[in-house]
Amino acid sequence: MKDPAFLFYPGDFYIDVADLTMEERGQFITLLCLQHQQGHLSEGSIRMAMRVESLCEIPYVMAKFCQDEDGLYYQGRLEEEIIKRAAFAESKRANGSLGGRPPAQPKPEQNLPVKQTITETEPNHNLSVNVNVNENIREDGREDGREDAREDAREDAREDEREAERVNITAEAIPCAEPPADPHDTAA
């Protein structure tokens, strides 16, 4: 199966095409994609893809390509990346046929405390007393303390009102003095 992608390094690409116009950059990337899909390119396939009569019309783009012994064109860096990616994929395929990554080795046993199960015959000396304050019957035998709590709240409110009255009486008994004059006030 043909590899559907190749690694693209934007930083390297930009350095490689810094001397090309935007149109030439588009032509260059088009030829890279074509090389990836078809392999080394003939002069005819390049002319057809670039819609030119002669490769002399795109000299700066063609300067980025080499010719093999058969006269076909290829870009060297892309060729290297295709070969590296194919080798990497093959190594993964070979590892997969062996069963993939071996299972991790079991960790050495540590001296962890042994979990004990308490049975009914063993006494549990760590019992805590669970006091449920929401019970309907209190310890003194009376119904739940909700009514008592409401009465306590009412008594607290009455006490607060009495305290507020005392404060008001005290405040009324103290005559208010005039605030001292502002020494910086020039109107006085």
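The numbers here are math on the coordinates, done by the rules we state, and not lab data. The model shown is predicted, which means the values in this text are computed figures rather than measured ones. Reconstructed Cβ throughout: ideal geometry from the backbone, glycine too, with neighbour counts over all protein chains shown.
You will find that of Val52, Val61, the residue that is in contact (Cβ under 8 Å) with a residue 24 or more places away in the chain, farther than 30 Å from Arg93 by Cα and hydrophobic (A, V, I, L, M, F, W, C) is Val61 and no other.
Only one of the numbered conditions (1) hydrophobic (A, V, I, L, M, F, W, C); (2) under 35 Å from the mean Cα position of the chain (by Cα); (3) under 25 Å from Ala89 (Cα atoms) is violated by Ile15, and that is (3). Screening Leu32 on (1) loosely packed, with under 15 Cβ neighbours inside 10 Å; (2) closer than 15 Å to Glu79 by Cβ; (3) among the aliphatic types (A, V, I, L, M) shows it passes everything except condition (1).
Scanning the stretch 21-66 for residues that are small (Gly, Ala, Ser) and in a helix (DSSP H, G or I) yields Gly26, Gly44, Ser45, Ala49. Take the stretch 36-72 and flag every residue that is over 21 Å from Glu23 (Cα atoms), more than 44 Å from the chain's Cα centre (by Cα) and not small (Gly, Ala, Ser). Within the stretch 36-72, Gln67, Asp68, Glu69, Asp70, Leu72 qualify.
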